[in-house]
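Trainee: Sharing a structure here in structure tokens format.
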Amino acid sequence: MDKNDILDGLKPICLCKSIKKKVFLKKISEGVKTVADLKKATGAGTGPCGGKRCTPRISEMVQKA
Ligand code: FES
């Protein structure tokens, strides 16, 4: 993991719940592969926006995985 990976991991994905990208990447590496399961595993999508802002970002990560 280089510096760019570390910085990338610190990007906020779910702003409402302050969940960073690295949290999702770890779950994906542990075998969590769907948007719904990632939300359940991290608590993302349960903030005031109801997942409007983070769902597209989570979906993008799932597609790249
Ligand atoms: S940004 Fe994730 S619930 Fe609002």
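Trainee: Rounded to the nearest whole Å², what accessible area per residue is found for the chain with the 1.4 Å probe?
Mentor: 67 Å²
Trainee: Could you go through region 2-19 in sequence order and give the Karplus-derived ³J(HN,Hα) for each residue, using 6.51 cos²θ - 1.76 cosθ + 1.60 with θ = phi - 60°, rounded to whole Hz, and x for Gly and Pro?
Mentor: Whole-Hz 3J(HN,Hα) from phi for region 2-19: 9, 4, 5, 5, 5, 5, 4, x, 8, 5, x, 9, 9, 5, 4, 9, 6, 9.
Trainee: Let me ask something additional. Over region 3-64, what percent of the accessible surface lies on carbon and sulfur atoms, probe 1.4 Å?
Mentor: Answer for region 3-64 is 55 percent, counting heavy atoms of protein chains only.
Trainee: When the helix-only estimate is applied to the chain (DSSP H runs of n ≥ 4, each -39,500 (n - 2.57), divided by the residue count), what is the mean residue ellipticity at 222 nm, nearest 500 deg cm²/dmol?
Mentor: Value at 222 nm, helices only, nearest 500: -14500 deg cm²/dmol.
The values are calculated or read from the model by the stated rules, or taken from the named source; none is laboratory data. As the structure is a prediction and not an experimental result, all values here were calculated from the model. Heads up: the accessible areas ignore ligands, DNA and RNA and are worked out on the full protein's heavy atoms, side chains in. Shrake-Rupley method; radii C 1.70, N 1.55, O 1.52, S 1.80 Å.
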